[in-house]
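Student: First the structure, which I've put down as structure tokens, then a few questions once you've had a look.
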Amino acid sequence: MASRRGMALIVALVLALAACTEEATPPQPTAPPDAFAPTPTIGPSTTTRPAPTTTLDVERIAIQRVDPVSLEPISAFEPIPMGDALWGSLASPDGKYLVATVDAHGSGTPEMRLVDLQSWLPVMTWPESGDFMFHVNEFGSVYYVTYGATAEFRFAATDSTESTLIAPLPANYGVWGAESVTEALFLLYGTKPAEPGSGQTEQVFVITVGLNEAGAVVNEITMPQVRIGTVDPISQGPWAGYLYTSPSFTWDPAGTRLLVTHGDEDVVSEVDVRTGAVMEHAVAGTVDLGTGTRRMSALSPDARFLHVATRSVELIEDDDDWMVITRPAGVQAIDTTTWEMVGRNDEPISDIWVSPSGALLGSGYTTEESESVSLSESTGLYLLDGSDLSVRVHYPAETPEQWWGPVTFSDSGSIAYASTWVQTPRVNAIEMATGEFLSTAEGTETLEMIGPVGVLASTR
């Protein structure tokens, strides 16, 4: 349970939020008027540059404002040191703040650091690990999950270096995702140990956490119909761990609903997070689910279509040997009102990212695993039309091991920033309207583009 100080902070938070009903105006960066203007001319060749350098600090990673097209550093902004390792970077919805967990000076001690993107200055450090940060509000307060003896949902404000425990989670709960439904209602979901006698090793969980004057109210929405984990948990064969069924979770902020695409059947569970009601919608099957299926999904910008990508798992077994093959099984578009499949692409795609402009990027790879073989081969990167899932451009892989992701987008969605690795990490700026590669940033170790706010993190 939260401490007395923590409970007081939660109450103060609720009262403050009740008084602030208007959205803050997105701030403008303190930079020359043309600092964020597109590069006047971009030639047909790719622009490649090393990671930015500076003598400001000995920390090996820095963040830098960059031009959204050329990915070149903007000279009006000095690099800001961000430790010797960085993960979990997250911008606030209004674009004012950026938070990340860093390894300070290579000490192995994590810190959460908050940067004011308007003034371009570090404003706060919390001496703890934000293992899963999912929301930064307009005041710079951070909501996150951290793992110790058990997972904890916590809140860190800029007026103190001590965070507040909002709610502990039961033992062995693993958070896959979380959302801020409102500033006083939060959604967390992921996996938990299965109930005894269920015949499963794992189950999904969906939890809402509401804040009020009395503290935090935690409600769990049971979803035993959504299966997750090994297909045959009784099997002790060396292949058992590969035969894994995994659903996907997609948040619809406009409808305040969580869409859970089942891994073992063509069904989408629609969860009303305000009431806890769950409705199941059967969708016409397009994929042989076989001995294991893994899903990835994303909503169209207007939340009308749920795009679902699938990876299928196949076991080939004889008396002498065994092999497990995973294959990208394509993308479906599902109408979120009628729950009919309205689009389909059977290209070898298993991972998708939907831009705010509506277009999609997709990638995929096949794997073969046995006692004597371990192979993987990329199918490249695809630019898909958001209306019918047709392929606009296919970028073949440069090497069989070239995997893609993560992918972020500019605020408007006109440019994608697709990460990949070919001997060194790269970020490619891709124009979503044409598929043209506008530029490439190349680094040595860490290289991450936070697209909506135009910030590049890199090892220097």
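Computed from the coordinates by the stated procedures, all read-outs in this text should not be read as laboratory data. Predicted model, so just to flag it, every value in this text is computed and none were measured. Here the Cβ is made from the backbone with ideal geometry for all residues, glycine too, and neighbour counts use every protein chain on show.
Student: Tell me, 251, 120 in order of fewest to most beta-carbon neighbours within 10 Å?
Tutor: 120, 251
Student: Sticking with the crude label model, points 7 Å out along Cα→Cβ, report the distance from residue 445 to residue 344 in nm, one decimal please.
Tutor: Spacing of the two 7 Å Cα→Cβ label points: 4.7 nm.
Student: Rounded to the nearest 0.05, what FRET efficiency do residue 423 and residue 337 give with R0 = 51 Å and r taken as the Cβ-Cβ distance? Could you check?
Tutor: 0.65
Student: Kindly state, to the nearest 0.05, the FRET efficiency for residue 219 paired with residue 147, given R0 = 30 Å and r defined as their beta-carbon distance. Show your work: numbers first, answer last.
Tutor: Numbers: r = 22 Å, r/R0 = 0.73.
The calculated FRET efficiency here is 0.85.
Student: Show me 179-188, 93-102 ranked by packing, highest mean number of other Cβ atoms within 10 Å first.
Tutor: Numbers: 179-188: 18.9, 93-102: 22.0.
Sorting 179-188, 93-102 by mean packing, highest first, produces 93-102, 179-188.
Student: Taking the Cα centre of the range 135-266 as origin and charging only Cβ (+1 Lys, Arg; -1 Asp, Glu), how large is the dipole, in debye to the nearest 20?
Tutor: 220 debye
Student: Also, quick follow-up: Taking R0 as 30 Å, what FRET efficiency do you get between residue 212 and residue 123 from their Cβ-Cβ distance, rounded to the nearest 0.05?
Tutor: The calculated FRET efficiency here is 0.55.
Student: Could you tell me the distance between the Cα centroids of the range 80-143 and the range 381-440, to the nearest Å?
Tutor: The two parts, judged by their Cα centres, are 27 Å apart.
Student: State the Cα centre-to-centre distance between the range 185-211 and the range 343-366 in whole Å.
Tutor: 28 Å
Student: Could you calculate the contour length gain from residue 279 to residue 371, that is, 0.36 nm times the residue separation minus the distance between their Cα atoms, to one decimal place in nm?
Tutor: Value of the extension gain: 28.9 nm.
Student: Taking 8 Å as the Cα distance limit and 6 or more residues as the minimum spacing, I'd like the relative contact order of the range 358-460 as a percentage.
Tutor: The value is 18 percent.
Student: When only C-alpha pairs under 8 Å and at least 6 residues apart count, what is the relative contact order of the range 107-173, in percent? Please report the intermediate quantities before stating the final value.
Tutor: Values: 124 pairs, mean separation 14.7, N = 67.
RCO, the range 107-173: 22 percent.
Student: Taking the Cα centre of the chain as the origin and placing charges on Cβ (Lys, Arg +1; Asp, Glu -1), which of 352, 150, 102 is farthest toward the positive end of the dipole?
Tutor: Projecting each Cα onto the dipole axis, the largest value belongs to 102.
Student: Rounded to whole Å and ordered largest first, report the semi-axes of the equivalent ellipsoid of the chain derived from its Cα gyration tensor (root of 5λ).
Tutor: One finds semi-axes of 34, 31, 22 Å for the chain.
Student: Provide, as a two-decimal number, the C-alpha radius of gyration of the range 67-131 over 2.2 N^0.38 Å, N being how many residues it has.
Tutor: Against the empirical 2.2 N^0.38 Å value, I get 1.17 for the range 67-131.
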